[in-house]
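The values are calculated or read from the model by the stated rules, or taken from the named source; none is laboratory data. Being a predicted model, the structure only gives us computed values, none of them experimental. Neighbour counts run over all protein chains shown; Cβ positions are idealised from the backbone, glycine included. Protein only, heavy atoms only, side chains kept; ligands, DNA and RNA dropped before computing areas. Shrake-Rupley method; radii C 1.70, N 1.55, O 1.52, S 1.80 Å.
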Amino acid sequence: MKLTAAQTKAMPLLVSGLQQKDIAEKVGVTPQTISTWMKDAEFVAYLNQARSDALDGARDMLRGLANEAVEELRSIILNSENDEVRRKAIIDVLDMIGIKNPSMGCYGWGIGPKYADQVEKKWEQEANPELFKLLGMSF
């Protein structure tokens, strides 16, 4: 499916979360047209890909801020004159690295297993999720 000019113009507006009636007005179509597009599997697939790309971009931006965020927390812990602010920053850090609640482990969003056998087990579970669900197993 090749998107029409109107669909191409509407795509980033849909991704941004604007209401369909507002998008329709900006694009020059009726709200019903957008509703029709949203019932087209190929259009929705394009939209989902655009949403995924936008989310990936936002995650990249957040990753770029990680060092600054850590440095700011460090500064608050070391320099804040307000004990409650320092205490909250310390608890946040301990929580993030898994010390406050060790059962959570260290945060490593999206990194995945570090050992080949665990990677293979995860792949197997992803390929057969219903089997693992029936067995009451999760990875």
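Roughly how many Å² is the accessible area per residue of segment 1-88, as a whole number, for a 1.4 Å probe? Working shown, then result.
Values: 6390 Å² over 88 residues.
Per residue, segment 1-88 has 73 Å² of solvent-accessible surface.
Any chance you could tell me what percent of the C-alpha pair distances in segment 21-86 go past 16 Å? All intermediate terms of the calculation are to be shown ahead of the outcome.
Working: 1473 of 2145 pairs.
Value for segment 21-86: 69 percent of Cα pairs lie more than 16 Å apart.
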What distance in nm separates the two pseudo spin-label positions at A116 and A6, each 7 Å out from Cα along the beta-carbon direction? 5.6 nm
